[in-house]
Structures are given as C-alpha cells and as structure tokens.
1. So, of the residues in the range 94-108 that are within 16 Å of the chain's Cα centre (by Cα) and not in a loop (DSSP other than H, G, I, E, B), which turns out to be farthest from Val54 (Cα to Cα)?
2. Report, by residue number, each residue of the range 103-119 that is surrounded by 10 or more Cβ atoms within 10 Å (Cβ to Cβ), closer than 20 Å to Arg135 by Cα and without any contact (Cβ under 8 Å) to a residue 24 or more places away in the chain.
3. Of all the residues that make up the range 7-63, how many are among the basic types (Lys, Arg) and under 22 Å from Phe120 (Cβ atoms)?
4. Please enumerate the residues belonging to the range 35-46 that are touching a residue at least 60 places away in the same chain (Cβ under 8 Å) and surrounded by fewer than 18 Cβ atoms within 10 Å (Cβ to Cβ).
5. Could you say which residue among Lys15, Lys53 is of a type in the set (Lys, Arg), in contact with a helix residue (DSSP H, G or I) (Cβ under 8 Å, 6 or more places away or on another chain), within 30 Å of Glu103 (Cα to Cα) and modelled with pLDDT of 90 or more?
Amino acid sequence: MSDTETMTKVKDLRKIIYIDDDKEIQPLIQLGLRDITSLEETKFLTSGRLALKVVPKFQPDLIFLDVMMPDMDGIEVLEHLQKDPSTKDIPVVFITAKDRDSEITALKKFGGVEVITKPFDIKNFHDLIMDIWKRINEG
C-alpha cells in the first residue's frame with residue numbers, strides 16, 4: 001500500500017459560517033474563500049444572536065467567530081453553541097484584533113480551535129483555512 005493510500009483523507013469543507021458585525025469584511029472573506037473547491041455554501045451573519053438561530057439549522061462544518069461584537073460577544077456565542085447538542089461539536093475559529101499571547105491562549109481555553117488575528121492577509125486566507133481544517137480533521 002502506498003503512502004497516499006494509507007493517509008487518511010481529510011473530510012471536505014462544504015459549509016462555513018462567518019460571524020462578524022463588520023459588514024465591510026464580507027467581500028474580502030468571499031474573495032479568500034473562492035478557491036476552496038469543496039465549499040458549497042457560506043453564510044455571513046452580523047450578530048451573535050442571529051448566529052444562535054441560524055447555526056443549528058445550517059449545521060456548518062466550520063464557524064469563524066469575531067470576538068468583539070455589540071449584541072453578544074464571541075465567547076458568549078460559543079458558550080451557547082457548546083451547550084446545544086446539535087452545535088457543540090462544530091469547530092469554532094475566533095477572529096480578533098487582540099494579538100497578545102495571553103489573550104490568544106485564553107480564547108483557545110474557551111474552546112476555540114484556533115485564533116486568527118486581524119488584520120490578516122486575505123491572499124493567504126485560503127491556505128490558512130485549509131491548514132486549520134486539516135489540523136481539525138487529523139487531531
């Protein structure tokens with residue numbers, strides 16, 4: 001058996017939800033996601049409260065969640081998602097302007113599988129997402 005045959009195939013990334021109150025970032029994120037060939041659907045939500053209604057029905061493979069939002073912060077959203085049996089296993093990547101190591105470590109302790117700091121290079125966003133997705137599926 002070749003090395004390729006023994007390697008576990010990474011599950012296709014088909015559905016993403018991106019939750020951020022900054023509507024101006026949506027076109028940039030869409031640009032960064034366009035090269036993910038397996039991606040079938042992306043939803044952009046602008047509030048945590050809306051996310052709590054949409055996520056259980058949509059059942060994304062991966063959630064990108066802004067930490068600082070006006071109605072409900074990302075940590076609070078994640079806490080709610082973790083309590084819901086239908087959403088508790090969906091991996092969440094925090095998006096934040098906070099870049100101190102202690103803040104990033106704290107966000108991971110809350111349950112984020114990864115933390116991406118703003119601003120990020122949209123040209124590398126596809127590679128960043130695929131790297132995170134691969135690590136989630138291997139671990």
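1. Initially, the range 94-108 is screened for residues within 16 Å of the chain's Cα centre (by Cα), giving 94-97, 104, 107-108.
Next, from what is left, pick out any that are not in a loop (DSSP other than H, G, I, E, B): 94-96, 104, 107-108.
Numbers: Phe94: 18, Ile95: 19, Thr96: 22, Ile104: 26, Leu107: 23, Lys108: 23 Å.
Within the range 94-108, the match that is farthest from Val54 (Cα to Cα) is Ile104.
2. The answer is Ile104, Thr105, Ala106, Lys108, Val113, Glu114, Val115, Thr117.
3. Total meeting the criteria: 4.
4. Residues of the range 35-46 that are touching a residue at least 60 places away in the same chain (Cβ under 8 Å), as a first pass: 35-36.
Passing the criteria: only Asp35.
5. Exactly one of Lys15, Lys53 is of a type in the set (Lys, Arg), in contact with a helix residue (DSSP H, G or I) (Cβ under 8 Å, 6 or more places away or on another chain), within 30 Å of Glu103 (Cα to Cα) and modelled with pLDDT of 90 or more, namely Lys15.
Results for (1) more than 25 Å from Lys11 (Cα to Cα); (2) in contact (Cβ under 8 Å) with a residue 24 or more places away in the chain; (3) surrounded by 15 or more Cβ atoms within 10 Å (Cβ to Cβ), shown as yes or no for each residue.
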| residue | (1), (2), (3) |
| --- | --- |
| Glu79 | yes, yes, no |
| Pro85 | no, no, no |
| Asp101 | yes, no, no |
| Ile129 | no, yes, yes |
| Ile136 | no, yes, yes |
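The values are calculated or read from the model by the stated rules, or taken from the named source; none is laboratory data. Here the structure is a predicted model, which means the values were calculated and not measured. Cβ: placed from backbone, ideal geometry, glycine included. Neighbour counts: every protein chain shown.
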